[in-house]
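Each reported figure results from applying straightforward, stated rules to the coordinates on display, with no laboratory input. All of these numbers come straight from a predicted model, not from anything done at the bench. Note that each Cβ is placed from the backbone with ideal geometry, even for glycine, and that neighbours are counted across all protein chains shown.
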Amino acid sequence: MKSRGKIFTWSALLLVLALVAAACGGDDTGDDTTTTAGGGGGGGIEIDGPIWVLLPDSASSDRWEFDDRRFFKEAFEAAGLSEGTDF
């Protein structure tokens with residue numbers, strides 16, 4: 001019985017190691033570009049058309065009004081958007 005436990009343990013360990021090794025492998029597409037989510041700015045692509053951003057309600061969100069709004073405004077302006085026209 002002890003032998004079965006060892007076999008199971010080693011099999012489970014081997015399976016986990018195989019999954020980790022498979023997850024660490026690279027892709028073979030040959031495409032060297034990287035895609036990132038979020039605002040990194042300067043992604044090198046041209047976007048034609050509007051970009052919509054859903055922002056919180058200013059009447060019900062104190063955190064938005066006093067903390068977050070200025071960071072969004074700075075990020076939008078850094079991206080070349082103008083207040084009143086684009087956001």
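General observations
- In a fully extended conformation the segment linking K73 and E46 would gain 7.6 nm over its present Cα-Cα distance, using 0.36 nm per residue.
- Residue-wise HN-Hα coupling along the stretch 53-59, computed from phi with Karplus coefficients 6.51, -1.76, 1.60 (Hz; x: Gly, Pro): 10, 8, 10, x, 6, 5, 6
- Added length on full extension, which subtracts the Cα-Cα distance from 0.36 nm per residue, A23 to S82: 17.0 nm
- For the peptides 74-80, 4-10, the ranking by mean Cβ contacts within 10 Å, running from highest to lowest, is 74-80, 4-10.
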